[in-house]
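A.B. asks: The structure follows.
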Amino acid sequence: MTGFLTRTLGRLGTVDHEAGELKQDAEKAGCSPISSQNMRSYVAIHGVLRSVTLRPVDGVSALEAELYDGSASVTLVWLGRRKIEGIEPGRQLTAHGRLGIRNGGLVLYNPRYELGA
């Protein structure tokens, strides 16, 4: 049982460390944390893509990506797109757009973006 507890606490420490690094990266990119953004405002957010999926939205194909910055996540949705070169899990990017809510979660539709290194 002690080994399980040690491994679990070690993973939690790693998650906190990664979140801290992501917050610093967002600051360096000149962006505020996702969690501090106001609804319906034009935002510039920076983080890492956790997942990328192809999903139809109201009968239209849409590429969706979850962007996480250490404080919160937002779903980026590109309507009418099946694939965008460079949009893949693990990639850092800065996204610009109007922040909204969909199904209780934060969303940016057709954001302008810049891929990180």
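A.B. asks: Mind checking the alpha-carbon convex hull of segment 14-117 and giving the volume per residue in Å³?
C.D. replies: Looking at segment 14-117, the number lands at 96 Å³ per residue.
A.B. asks: Taking 0.36 nm per residue of separation and subtracting the Cα-Cα distance, what length does fully extending N110 through R40 add?
C.D. replies: 23.8 nm
A.B. asks: Can you list the residues of segment 93-115 with backbone N under 19 Å from a point 7 Å past the Cα of E85, pointing along Cα to Cβ?
C.D. replies: Zone members listed by number: 93-94, 112-115.
A.B. asks: Moving to a separate point now. So for each of 53-62, 79-88, 66-75 I average, over its residues, the number of other beta carbons within 10 Å; can you give me the resulting order with the highest mean first?
C.D. replies: 66-75, 79-88, 53-62
No value in this document is a laboratory result; all are computed from the given coordinates. In this text, all values refer to a predicted model and were calculated from it rather than measured experimentally. Every residue, glycine as well, gets a Cβ built from its backbone with ideal geometry; the counts of neighbours run over all protein chains shown.
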